[in-house]
Amino acid sequence: MRQYNALINNELIDNGQWLEIMNPATLAVAGKVSALSAEDINKAFAVARSSQQQWEEVSLLDRIAVIKKFRDLIDKNKEEIAQVMSEEIAKNLKESLAEVVRTIEIIDYTFEEAKRMEPLALTGEGMGAKNKLGVFSRVAKGVVLAISPFNYPFNLALAKIIPALVMGNTVVFKPATAGSLVGTYMSKLVIEAGLPKGIFNIVTGRGREIGDIITSNPEIDMISFTGSVGIGNQIRKMGSTTDLVLELGGKDPAIVLDDLNLEKYADEIINGAYGYSGQRCTAVKRVLVNNEIADKLVPILKSKVEALSVGMPSENTFITPVIDEKSADFIQGLIDDAKEKGATIVTGDKREKNLMWPTLIDNVTVDMKVAWEEPFGPVLPVIRIDSYDEMIKIANESQFGLQASVFCQDISKAILTAKKIKTGTVNINSRPQRGPDSFPFLGIKDSGEGVQGIRESLLSMTRYQGMIINY
Ligand code: NAP
Ligand code: G3H
């Protein structure tokens, strides 16, 4: 059984309290991580604060050089990291390794982009202030709290931690409990890489028990959170003046406007809806299509869904167990509600504990929960709507505003449609997705606040510091 420690001031924490982490595939214990007390957590923030100024004063290139040692250790251990991840979140081994490799690529690009964070140099001439020269540099905000979700436990952790550290912030990192083995795996790498004491601290424990203690700590200058709308809004409502970046849930629609390339559209929709068993914020979570096209599209989707492999993550199947039985119960509830209200189960609706077969539901109507709620599981509703205006209305009526897809070969119509959709991003002729990671990534409405992406994270984790030279 794996056992990893939280990390405070480069010390591995063993306070005698442990939290068991389940393997969703076997439903057995995969390992245990430290369960921290309020006192431990406060210490993590205290050392993050006391080490920050000194870290900020290290030159950018020297900061990058020391973080690069940590990056190289990730590279060296990538197969083991992928194995740990796969054991605790049931992401298949191939995708787990891809997540680690993608993270290394993000780190490398972050190093390069940080060197391009050049200051603004302005004269006051245009405002009649001829003898003023202003230099506005990006400087660290201070102490960053990074909170990550279970579904990308490595990638969405380091996509926050690395830009924060590179720009001279110090970090307190709280991984999701399902995901904290891979989170605390990093503790030893931090020590081995020789990162200065106190700049990268890892705190573990159940969010419902220690979440408020963490998020209300007065030392926090910025919170970067990825997770559910419920917890995100809770953090939002705490009303602190701390800067926030929140990346929350989604209900991304795929709007199909023609039948000119249905095979390709269906491939994108299937990969979008069912990848990692639908446990992606950017999963396709509803298809909006008119009756005539639906009659052709649904049989194509059906045959592709039925071809998806279902099984265990170690076998690299496409569909693997969802994170826990509670989540499976919730997903099943959405399917049952749709069935009771008259929807057609095209395929799926089969379950063994938390392993759920990919389910395609046709004739979903707006009175059904699955039309609006985020299942975070392998379920795709098809909503048939003949009127184009009604389609746009339903797409926009959602509480969410993460991404959308528009499938249409007439590029003018596709662009005009995309401009009507109220989401952070619209993908034309592809599934919704966060990448490429150099692009800004954002959600509006309940889907979030602020922007992620490599350059945007460097910006959000810094502020301007102006220096005005009078001559
Ligand atoms: P979650 O339950 O909201 O948990 C997210 C993180 O918040 C975990 O680390 C969790 O710790 C922690 N947490 C729980 N209660 C807290 C509290 N009171 N205060 C502070 N932190 C607290 O979300 P999840 O189930 O891990 O992830 C799935 C959700 O994330 C979905 O809704 C998905 O759409 C969304 N998501 C969004 C994006 C995006 O970029 N838009 C990306 C990935 C996922 P514990 O695990 O210990 O409870
Ligand atoms: O789960 C939310 C992630 O930000 C989605 O990332 O589109 O690369 O799967 P992805």
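One table, with the values for the structure above:
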read-out	value
Label-point separation in nm, Lys420 to Ala129, each point 7 Å along Cα→Cβ	4.7 nm
Qualifying trypsin sites (Lys or Arg not before Pro) in segment 300-407, DSSP loop, other Cβ atoms within 10 Å at most 15	Lys341, Lys350, Lys353
Among Ile300, Met312, Val426 - extreme Cα towards positive end, dipole of segment 252-436, charges at beta-carbon	Val426
Relative contact order [Cα under 8 Å, 6+ residues apart], segment 1-108, whole percent	23 percent
Alpha-carbon gyration tensor eigenvalues x 5, square-rooted, for segment 345-471, Å	36, 20, 14
Long-range amide H partners of Ala6 with built H, under 5 Å	Ile13, Ser34
Cα-based equivalent ellipsoid, segment 329-407: semi-axes from gyration tensor eigenvalues, Å	23, 14, 11
Taking the C-alpha atoms of segment 176-226, convex hull volume expressed per residue in Å³	97 Å³
Rounded FRET efficiency, nearest 0.05, which uses the C-beta distance separating Ser59 from Thr317 and R0 of 41 Å	0.30
The chain - share of DSSP beta bridges that are antiparallel (%, nearest 5)	45 percent
Contact order normalised by residue count of segment 252-436, Cα under 8 Å, 6+ apart, percent	29 percent
Entries of Lys69/Lys445; Lys141/Lys420; Lys76/Lys174; Lys32/Lys68; Lys94/Lys350 with Cα pairs more than 31 Å apart	Lys69/Lys445; Lys141/Lys420
Only Lys, Arg (+1) and Asp, Glu (-1) charged, at Cβ; segment 352-471 dipole about Cα centre in debye	420 debye
Relative contact order (%) - segment 136-263, alpha-carbon pairs under 8 angstrom, separation at least six	26 percent
Compactness of segment 1-130, expressed as Rg and Dmax over alpha-carbon positions, Å	20.9, 71
Rg over Rh, two decimals, the chain (C-alpha only, Kirkwood Rh)	1.00
Alpha-carbon spread of segment 252-436, three principal axes, descending order, Å	46, 37, 29
Rounded accessible area of Ile361 (nearest 10 Å², 1.4 Å probe)	0 Å²
Backbone HN-Hα couplings from phi across segment 58-65 [Karplus 6.51/-1.76/1.60, Hz, Gly and Pro as x]	5, 5, 3, 5, 6, 4, 4, 4
Dipole moment magnitude, nearest 20 debye, the chain about Cα centre, only Lys, Arg, Asp, Glu C-beta charged	900 debye
Accessible-area order (highest first, 1.4 angstrom probe) of the listed residues Lys413, Lys188	Lys188, Lys413
Tilt relative to the chain, helix 262-274 - C-alpha long axis, 0 to 90 degrees, to 10	60 degrees
Calculated [θ] (222 nm, deg cm²/dmol) that DSSP helices of n ≥ 4 give over the chain, each run adding -39,500 (n - 2.57)	-12500 deg cm²/dmol
Check: segment 252-436 dipole with +1 on Lys, Arg Cβ and -1 on Asp, Glu Cβ, in debye	440 debye
Separation of the Phe136 and Ser430 label points, Cα + 7 Å toward Cβ, nm	3.3 nm
Length gained when the stretch Lys413-Lys264 is fully extended (0.36 nm per residue, less Cα-Cα span)	51.8 nm
Neighbour cut-off at most 16 other Cβ (10 Å), DSSP loop, trypsin sites (Lys or Arg not before Pro), segment 71-119	Arg116
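The values are calculated or read from the model by the stated rules, or taken from the named source; none is laboratory data. Everything quoted here is computed from the prediction, not taken from an experiment. No Cβ is skipped: glycine too gets one built from the backbone with ideal geometry, and neighbour counts run over all protein chains shown. These area figures cover heavy atoms from the full protein model, side chains too; ligands, DNA and RNA do not enter into them. Shrake-Rupley method; radii C 1.70, N 1.55, O 1.52, S 1.80 Å.
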